[in-house]
1. Please report, in Å, the Rg and the Dmax of segment 119-222, where both are computed over Cα atoms only.
2. To the nearest 20 debye, what is the magnitude of the charge dipole of segment 196-251 about its Cα centre, counting +1 on the Cβ of each Lys and Arg and -1 on the Cβ of each Asp and Glu?
3. Ordered by packing density, taken as the mean number of other Cβ atoms within 10 Å over each peptide's residues, highest first, how do 48-58, 144-154, 289-299 rank?
4. Compute, for the chain, the length of the dipole vector about the Cα centre, with Cβ point charges of +1 (Lys, Arg) and -1 (Asp, Glu) only. Units Debye, rounded to 20.
5. Using only the Cα atoms of segment 61-111, what semi-axes does the equivalent ellipsoid have when each is the square root of 5 times a gyration tensor eigenvalue? Give whole Å, largest first.
6. How would you order 346-359, 173-186 from highest to lowest mean count of nearby Cβ atoms within 10 Å?
7. State the extension gain, in nm to one decimal, for the chain segment bounded by residue 101 and residue 167, taking 0.36 nm per residue of separation less the distance between their alpha-carbons.
8. Using 0.36 nm per residue, how much length does the chain from residue 177 to residue 69 gain when fully extended, once their Cα-Cα distance is taken away?
Amino acid sequence: MGMRHGAVLLAGVAAFLVGCGGAGMRAEAAGPQRMSFADLAGWQSDDQSAALEAFKRSCARILKLPASAPLDTKGGDRLYGTAGDWQPACEAAAQVGTGAAAANARGFFQHWFVPVRFPSEKGLLTGYYEPEMKGALTRHGPYQTPVLAPPAGFRMVEGGGNFPTRAEIENGALDANALAIAWLESPIDAFFLHVQGSGRVRLETGEIVRLNFAAKTGHPYTSIGKVLVDRGELTMEEVSMQTIRAWMERQPDKGRALTHENKSYIFFRILRNIDADLGPLGAEGTNLTPGRSLAVDRSHHPLGTLLWLTTEHPTVDGQDVVPVARLMVAQDTGSAIKGRQRGDIFFGSGDEAGEIAGRMKVEGELIALVPKAIAP
(Lines give C-alpha, C1' and ligand atoms only; values in the text may rest on other atoms or scores of the structure.)
Protein backbone atom coordinates (compact mmCIF):
# COMPACT_ATOMS: atom_id res chain seq x y z
CA MET A 1 0.00 0.00 0.00
CA GLY A 2 4.15 3.61 -0.25
CA MET A 3 4.45 4.88 -3.67
CA ARG A 4 6.76 3.89 -6.50
CA HIS A 5 8.18 5.37 -9.65
CA GLY A 6 5.76 3.81 -12.10
CA ALA A 7 2.77 2.34 -10.38
CA VAL A 8 2.05 1.15 -6.91
CA LEU A 9 -0.65 -0.80 -5.18
CA LEU A 10 -1.75 0.87 -2.00
CA ALA A 11 -2.03 -2.43 -0.22
CA GLY A 12 -5.71 -1.92 -0.22
CA VAL A 13 -7.66 -3.21 2.73
CA ALA A 14 -4.87 -2.32 5.13
CA ALA A 15 -5.50 1.29 4.18
CA PHE A 16 -9.06 0.91 5.46
CA LEU A 17 -7.94 -0.72 8.67
CA VAL A 18 -4.89 1.30 9.68
CA GLY A 19 -5.53 2.72 13.11
CA CYS A 20 -8.28 0.18 13.77
CA GLY A 21 -6.11 -2.11 15.87
CA GLY A 22 -3.73 -4.91 15.09
CA ALA A 23 -2.16 -8.05 16.40
CA GLY A 24 -0.05 -8.02 19.53
CA MET A 25 3.68 -8.45 19.40
CA ARG A 26 5.72 -10.98 21.33
CA ALA A 27 8.51 -9.91 23.63
CA GLU A 28 11.75 -8.80 22.03
CA ALA A 29 14.60 -11.30 21.76
CA ALA A 30 18.28 -10.41 21.56
CA GLY A 31 18.40 -10.12 17.76
CA PRO A 32 17.80 -11.95 14.46
CA GLN A 33 18.32 -15.68 14.94
CA ARG A 34 19.40 -18.18 12.30
CA MET A 35 17.10 -21.17 11.90
CA SER A 36 16.92 -24.44 10.03
CA PHE A 37 14.46 -25.11 7.21
CA ALA A 38 13.35 -28.09 9.30
CA ASP A 39 12.08 -25.55 11.84
CA LEU A 40 9.72 -23.93 9.33
CA ALA A 41 6.31 -25.53 9.83
CA GLY A 42 4.86 -26.29 6.39
CA TRP A 43 8.10 -25.81 4.44
CA GLN A 44 8.08 -29.33 3.03
CA SER A 45 4.45 -29.11 1.90
CA ASP A 46 4.60 -25.68 0.27
CA ASP A 47 4.97 -25.62 -3.51
CA GLN A 48 7.77 -23.09 -3.85
CA SER A 49 7.75 -23.20 -7.65
CA ALA A 50 5.33 -20.24 -7.79
CA ALA A 51 7.57 -18.30 -5.40
CA LEU A 52 10.56 -19.10 -7.59
CA GLU A 53 8.87 -17.63 -10.67
CA ALA A 54 8.00 -14.49 -8.69
CA PHE A 55 11.56 -14.29 -7.38
CA LYS A 56 12.92 -14.48 -10.94
CA ARG A 57 10.96 -11.32 -11.77
CA SER A 58 12.60 -9.54 -8.87
CA CYS A 59 15.98 -10.92 -9.89
CA ALA A 60 15.69 -9.26 -13.28
CA ARG A 61 15.94 -5.95 -11.42
CA ILE A 62 18.52 -7.06 -8.86
CA LEU A 63 20.93 -8.31 -11.53
CA LYS A 64 21.03 -4.84 -13.09
CA LEU A 65 22.23 -3.22 -9.87
CA PRO A 66 25.90 -2.56 -9.03
CA ALA A 67 27.13 -5.24 -6.63
CA SER A 68 27.75 -2.66 -3.92
CA ALA A 69 24.32 -1.07 -4.25
CA PRO A 70 21.56 -1.62 -1.70
CA LEU A 71 18.75 -3.89 -2.79
CA ASP A 72 16.29 -1.05 -2.32
CA THR A 73 16.63 2.73 -2.37
CA LYS A 74 14.40 2.85 0.73
CA GLY A 75 17.01 0.98 2.77
CA GLY A 76 15.93 -2.02 4.81
CA ASP A 77 17.52 -4.07 7.59
CA ARG A 78 21.30 -4.49 7.21
CA LEU A 79 20.60 -8.20 7.58
CA TYR A 80 19.82 -8.33 3.84
CA GLY A 81 23.22 -7.10 2.63
CA THR A 82 23.78 -5.64 -0.83
CA ALA A 83 22.74 -6.51 -4.37
CA GLY A 84 26.03 -8.39 -4.80
CA ASP A 85 25.08 -10.73 -1.96
CA TRP A 86 21.93 -11.74 -3.87
CA GLN A 87 23.21 -11.78 -7.44
CA PRO A 88 24.75 -15.29 -7.38
CA ALA A 89 21.39 -16.74 -6.30
CA CYS A 90 19.63 -14.66 -8.94
CA GLU A 91 21.99 -15.91 -11.64
CA ALA A 92 21.30 -19.47 -10.52
CA ALA A 93 17.54 -18.85 -10.47
CA ALA A 94 17.67 -17.83 -14.12
CA GLN A 95 19.03 -21.29 -14.93
CA VAL A 96 16.09 -23.07 -13.30
CA GLY A 97 13.48 -23.84 -15.94
CA THR A 98 10.06 -22.22 -15.88
CA GLY A 99 7.53 -24.33 -14.02
CA ALA A 100 10.19 -26.17 -12.04
CA ALA A 101 8.93 -29.05 -9.94
CA ALA A 102 8.19 -28.17 -6.34
CA ALA A 103 11.08 -30.30 -5.08
CA ASN A 104 13.53 -28.57 -7.43
CA ALA A 105 12.35 -25.13 -6.37
CA ARG A 106 12.58 -26.11 -2.72
CA GLY A 107 16.07 -27.43 -3.27
CA PHE A 108 17.09 -24.16 -4.93
CA PHE A 109 16.03 -22.06 -1.96
CA GLN A 110 17.61 -24.46 0.54
CA HIS A 111 20.91 -24.35 -1.37
CA TRP A 112 21.19 -20.56 -1.50
CA PHE A 113 19.37 -19.28 1.58
CA VAL A 114 18.90 -19.75 5.31
CA PRO A 115 15.86 -18.72 7.43
CA VAL A 116 16.35 -15.94 9.97
CA ARG A 117 13.76 -15.15 12.63
CA PHE A 118 13.28 -11.58 13.79
CA PRO A 119 13.04 -10.53 17.46
CA SER A 120 9.39 -9.50 17.13
CA GLU A 121 7.81 -12.74 16.03
CA LYS A 122 4.19 -11.79 15.40
CA GLY A 123 2.47 -8.97 13.55
CA LEU A 124 -0.57 -7.97 11.50
CA LEU A 125 -1.28 -9.47 8.08
CA THR A 126 -3.90 -8.02 5.76
CA GLY A 127 -4.71 -8.53 2.08
CA TYR A 128 -5.33 -6.58 -1.10
CA TYR A 129 -6.47 -7.33 -4.62
CA GLU A 130 -7.07 -5.86 -8.05
CA PRO A 131 -10.76 -4.99 -8.44
CA GLU A 132 -12.62 -5.27 -11.73
CA MET A 133 -15.28 -2.68 -12.54
CA LYS A 134 -17.42 -1.42 -15.40
CA GLY A 135 -16.30 1.66 -17.25
CA ALA A 136 -15.72 3.49 -20.52
CA LEU A 137 -13.00 5.57 -22.13
CA THR A 138 -15.41 8.41 -22.86
CA ARG A 139 -18.07 10.01 -20.69
CA HIS A 140 -21.57 8.85 -21.58
CA GLY A 141 -24.64 7.17 -20.15
CA PRO A 142 -23.97 5.62 -16.73
CA TYR A 143 -20.23 6.31 -16.92
CA GLN A 144 -19.95 9.60 -15.06
CA THR A 145 -17.23 9.10 -12.44
CA PRO A 146 -13.78 10.11 -13.74
CA VAL A 147 -10.42 8.46 -13.15
CA LEU A 148 -7.79 11.18 -13.54
CA ALA A 149 -4.24 11.29 -14.84
CA PRO A 150 -1.84 13.66 -13.03
CA PRO A 151 -2.03 17.29 -14.20
CA ALA A 152 0.83 18.47 -16.41
CA GLY A 153 3.94 19.20 -14.37
CA PHE A 154 2.46 17.69 -11.23
CA ARG A 155 4.88 17.08 -8.36
CA MET A 156 3.85 15.55 -5.07
CA VAL A 157 4.47 17.69 -2.00
CA GLU A 158 4.53 15.88 1.34
CA GLY A 159 1.55 17.06 3.34
CA GLY A 160 -0.26 18.18 0.20
CA GLY A 161 0.89 21.80 0.21
CA ASN A 162 -1.66 24.02 -1.52
CA PHE A 163 -2.83 21.27 -3.86
CA PRO A 164 -6.59 20.53 -3.77
CA THR A 165 -7.90 17.84 -1.44
CA ARG A 166 -10.05 14.88 -2.51
CA ALA A 167 -13.24 16.80 -1.79
CA GLU A 168 -12.05 19.83 -3.75
CA ILE A 169 -10.96 17.72 -6.73
CA GLU A 170 -14.26 15.86 -6.83
CA ASN A 171 -16.08 19.20 -6.60
CA GLY A 172 -14.36 20.55 -9.70
CA ALA A 173 -10.98 21.98 -8.61
CA LEU A 174 -9.38 20.08 -11.54
CA ASP A 175 -10.73 19.83 -15.08
CA ALA A 176 -12.03 16.25 -15.12
CA ASN A 177 -12.91 16.36 -18.81
CA ALA A 178 -9.31 17.24 -19.69
CA LEU A 179 -7.61 14.80 -17.28
CA ALA A 180 -9.93 11.78 -17.33
CA ILE A 181 -8.44 8.57 -18.74
CA ALA A 182 -11.56 6.53 -17.96
CA TRP A 183 -15.08 6.96 -16.63
CA LEU A 184 -16.56 4.46 -14.17
CA GLU A 185 -20.14 3.45 -13.56
CA SER A 186 -19.90 3.54 -9.77
CA PRO A 187 -18.38 6.26 -7.57
CA ILE A 188 -17.93 3.63 -4.85
CA ASP A 189 -15.91 1.52 -7.30
CA ALA A 190 -13.82 4.61 -7.99
CA PHE A 191 -13.02 5.10 -4.31
CA PHE A 192 -12.11 1.44 -3.88
CA LEU A 193 -9.86 1.78 -6.93
CA HIS A 194 -8.06 4.59 -5.11
CA VAL A 195 -7.64 2.42 -2.04
CA GLN A 196 -6.32 -0.57 -3.98
CA GLY A 197 -4.16 1.55 -6.29
CA SER A 198 -4.82 -0.58 -9.36
CA GLY A 199 -7.80 -2.11 -11.11
CA ARG A 200 -9.20 -3.65 -14.24
CA VAL A 201 -11.92 -1.89 -16.18
CA ARG A 202 -14.23 -3.91 -18.41
CA LEU A 203 -15.33 -1.77 -21.35
CA GLU A 204 -18.61 -2.14 -23.25
CA THR A 205 -16.64 -3.72 -26.10
CA GLY A 206 -15.47 -6.50 -23.80
CA GLU A 207 -11.90 -5.20 -23.78
CA ILE A 208 -10.24 -5.04 -20.37
CA VAL A 209 -7.84 -2.20 -19.61
CA ARG A 210 -5.75 -1.78 -16.49
CA LEU A 211 -5.55 1.37 -14.40
CA ASN A 212 -2.25 1.64 -12.52
CA PHE A 213 -1.06 4.10 -9.91
CA ALA A 214 0.69 7.15 -11.38
CA ALA A 215 0.95 9.65 -8.49
CA LYS A 216 -0.65 10.82 -5.26
CA THR A 217 -1.31 14.30 -3.94
CA GLY A 218 0.69 14.00 -0.73
CA HIS A 219 -2.17 14.89 1.58
CA PRO A 220 -2.23 12.62 4.65
CA TYR A 221 -4.21 9.40 4.37
CA THR A 222 -7.23 8.99 6.64
CA SER A 223 -8.75 5.56 7.20
CA ILE A 224 -12.49 5.75 6.59
CA GLY A 225 -12.81 2.49 8.50
CA LYS A 226 -11.39 4.20 11.57
CA VAL A 227 -13.73 7.15 11.04
CA LEU A 228 -16.73 4.80 11.05
CA VAL A 229 -15.48 3.10 14.22
CA ASP A 230 -14.86 6.43 15.93
CA ARG A 231 -18.40 7.54 15.04
CA GLY A 232 -19.91 4.32 16.37
CA GLU A 233 -21.25 3.29 12.95
CA LEU A 234 -19.25 0.03 13.01
CA THR A 235 -17.33 -1.80 15.69
CA MET A 236 -13.65 -2.57 15.31
CA GLU A 237 -14.52 -6.25 14.87
CA GLU A 238 -17.05 -5.47 12.12
CA VAL A 239 -14.78 -3.31 9.97
CA SER A 240 -13.95 -4.87 6.63
CA MET A 241 -14.05 -3.83 3.01
CA GLN A 242 -17.44 -5.53 2.69
CA THR A 243 -19.04 -3.78 5.67
CA ILE A 244 -17.66 -0.38 4.65
CA ARG A 245 -18.96 -0.81 1.12
CA ALA A 246 -22.38 -1.91 2.35
CA TRP A 247 -22.57 1.16 4.61
CA MET A 248 -21.72 3.44 1.67
CA GLU A 249 -24.26 1.77 -0.63
CA ARG A 250 -27.06 2.19 1.92
CA GLN A 251 -26.52 5.94 2.11
CA PRO A 252 -24.71 7.25 -0.99
CA ASP A 253 -24.66 10.92 0.07
CA LYS A 254 -23.16 10.10 3.47
CA GLY A 255 -20.83 7.65 1.75
CA ARG A 256 -19.49 10.37 -0.54
CA ALA A 257 -19.02 12.70 2.43
CA LEU A 258 -17.20 9.89 4.24
CA THR A 259 -14.70 9.47 1.43
CA HIS A 260 -13.93 13.20 1.65
CA GLU A 261 -12.61 12.62 5.18
CA ASN A 262 -9.61 11.14 3.34
CA LYS A 263 -7.90 14.14 1.76
CA SER A 264 -5.41 12.00 -0.17
CA TYR A 265 -6.12 11.55 -3.89
CA ILE A 266 -4.62 9.08 -6.36
CA PHE A 267 -3.89 9.67 -10.06
CA PHE A 268 -3.66 6.82 -12.55
CA ARG A 269 -2.28 5.81 -15.91
CA ILE A 270 -4.01 3.47 -18.34
CA LEU A 271 -2.50 0.26 -19.73
CA ARG A 272 -4.04 -1.49 -22.73
CA ASN A 273 -3.38 -4.89 -24.31
CA ILE A 274 -2.68 -6.33 -20.87
CA ASP A 275 -1.82 -9.96 -20.20
CA ALA A 276 -4.78 -11.15 -18.12
CA ASP A 277 -2.62 -13.89 -16.59
CA LEU A 278 -0.22 -11.38 -15.05
CA GLY A 279 -0.98 -9.33 -11.99
CA PRO A 280 -0.62 -5.54 -11.87
CA LEU A 281 2.73 -3.88 -11.39
CA GLY A 282 3.92 -3.57 -7.82
CA ALA A 283 6.31 -1.04 -6.32
CA GLU A 284 9.25 -3.02 -7.67
CA GLY A 285 8.03 -2.55 -11.21
CA THR A 286 7.36 -6.27 -11.62
CA ASN A 287 4.03 -8.00 -12.20
CA LEU A 288 2.59 -9.30 -8.95
CA THR A 289 1.91 -13.00 -8.40
CA PRO A 290 -1.35 -13.88 -6.59
CA GLY A 291 -0.67 -15.50 -3.25
CA ARG A 292 3.10 -14.99 -3.52
CA SER A 293 3.66 -11.23 -3.75
CA LEU A 294 3.77 -9.37 -0.46
CA ALA A 295 3.55 -5.66 0.28
CA VAL A 296 6.02 -4.76 3.03
CA ASP A 297 7.53 -1.85 4.91
CA ARG A 298 10.57 -1.11 2.74
CA SER A 299 12.42 0.48 5.63
CA HIS A 300 12.66 -3.07 7.02
CA HIS A 301 12.41 -5.42 4.02
CA PRO A 302 13.98 -4.37 0.70
CA LEU A 303 11.97 -5.10 -2.42
CA GLY A 304 12.94 -8.42 -3.96
CA THR A 305 13.66 -10.20 -0.70
CA LEU A 306 12.17 -13.50 0.44
CA LEU A 307 9.92 -13.99 3.45
CA TRP A 308 8.42 -17.15 4.91
CA LEU A 309 4.87 -16.37 5.99
CA THR A 310 2.72 -18.24 8.50
CA THR A 311 -0.82 -16.99 9.10
CA GLU A 312 -4.35 -17.82 7.93
CA HIS A 313 -6.83 -16.23 5.59
CA PRO A 314 -10.64 -16.27 5.45
CA THR A 315 -12.55 -18.33 2.94
CA VAL A 316 -14.46 -16.57 0.16
CA ASP A 317 -17.71 -16.72 2.13
CA GLY A 318 -16.03 -15.54 5.31
CA GLN A 319 -17.31 -18.55 7.27
CA ASP A 320 -14.00 -20.30 7.85
CA VAL A 321 -10.24 -19.82 7.66
CA VAL A 322 -7.46 -21.48 5.67
CA PRO A 323 -3.99 -21.98 7.19
CA VAL A 324 -1.19 -20.29 5.26
CA ALA A 325 2.47 -21.38 5.34
CA ARG A 326 4.23 -20.27 2.19
CA LEU A 327 7.21 -18.50 0.71
CA MET A 328 6.54 -14.91 -0.36
CA VAL A 329 8.48 -12.28 -2.31
CA ALA A 330 8.52 -8.64 -1.18
CA GLN A 331 7.39 -6.85 -4.35
CA ASP A 332 5.13 -4.03 -3.21
CA THR A 333 4.64 -1.53 -0.42
CA GLY A 334 1.91 0.64 1.03
CA SER A 335 0.98 3.68 3.04
CA ALA A 336 -0.56 1.54 5.78
CA ILE A 337 2.25 -1.02 5.91
CA LYS A 338 4.43 0.01 8.83
CA GLY A 339 6.67 -2.30 10.84
CA ARG A 340 8.91 -5.30 10.37
CA GLN A 341 6.14 -7.80 11.08
CA ARG A 342 3.54 -6.06 8.92
CA GLY A 343 2.56 -7.50 5.56
CA ASP A 344 -0.18 -7.28 2.93
CA ILE A 345 -0.83 -10.31 0.73
CA PHE A 346 -1.78 -9.79 -2.91
CA PHE A 347 -4.66 -12.23 -3.51
CA GLY A 348 -5.17 -11.62 -7.23
CA SER A 349 -7.85 -9.99 -9.37
CA GLY A 350 -11.64 -10.04 -9.33
CA ASP A 351 -14.46 -10.62 -6.89
CA GLU A 352 -13.28 -13.81 -5.16
CA ALA A 353 -9.88 -12.29 -4.43
CA GLY A 354 -11.69 -9.22 -3.11
CA GLU A 355 -13.90 -11.27 -0.79
CA ILE A 356 -10.82 -12.82 0.82
CA ALA A 357 -8.71 -9.66 0.90
CA GLY A 358 -11.57 -7.60 2.27
CA ARG A 359 -11.87 -9.78 5.36
CA MET A 360 -8.16 -10.37 5.93
CA LYS A 361 -6.96 -8.95 9.26
CA VAL A 362 -5.11 -11.59 11.27
CA GLU A 363 -1.95 -12.25 13.23
CA GLY A 364 1.01 -13.78 11.43
CA GLU A 365 4.77 -14.09 11.36
CA LEU A 366 7.38 -13.19 8.76
CA ILE A 367 10.73 -14.98 8.71
CA ALA A 368 13.44 -13.79 6.34
CA LEU A 369 15.35 -16.00 3.90
CA VAL A 370 18.84 -14.54 3.68
CA PRO A 371 21.76 -15.59 1.44
CA LYS A 372 23.88 -18.09 3.39
CA ALA A 373 27.05 -16.10 3.02
CA ILE A 374 25.68 -13.17 5.04
CA ALA A 375 23.22 -14.87 7.41
CA PRO A 376 23.92 -14.22 11.12
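1. Gyration radius and largest Cα-Cα distance of segment 119-222: 15.7, 56 Å.
2. Here the size comes out at about 220 debye.
3. 289-299, 48-58, 144-154
4. That gives a dipole near 960 debye.
5. Listed largest to smallest, the semi-axes of segment 61-111 are 24, 12, 9 Å.
6. The most tightly packed comes first, giving 346-359, 173-186.
7. 18.6 nm
8. 34.5 nm
The values are calculated or read from the model by the stated rules, or taken from the named source; none is laboratory data. What you are looking at is a predicted structure, and each value in this text was computed from that prediction instead of being measured. No Cβ is skipped: glycine too gets one built from the backbone with ideal geometry, and neighbour counts run over all protein chains shown. Accessible surface areas use protein heavy atoms only, side chains included; no ligands, DNA or RNA. Shrake-Rupley method; radii C 1.70, N 1.55, O 1.52, S 1.80 Å.
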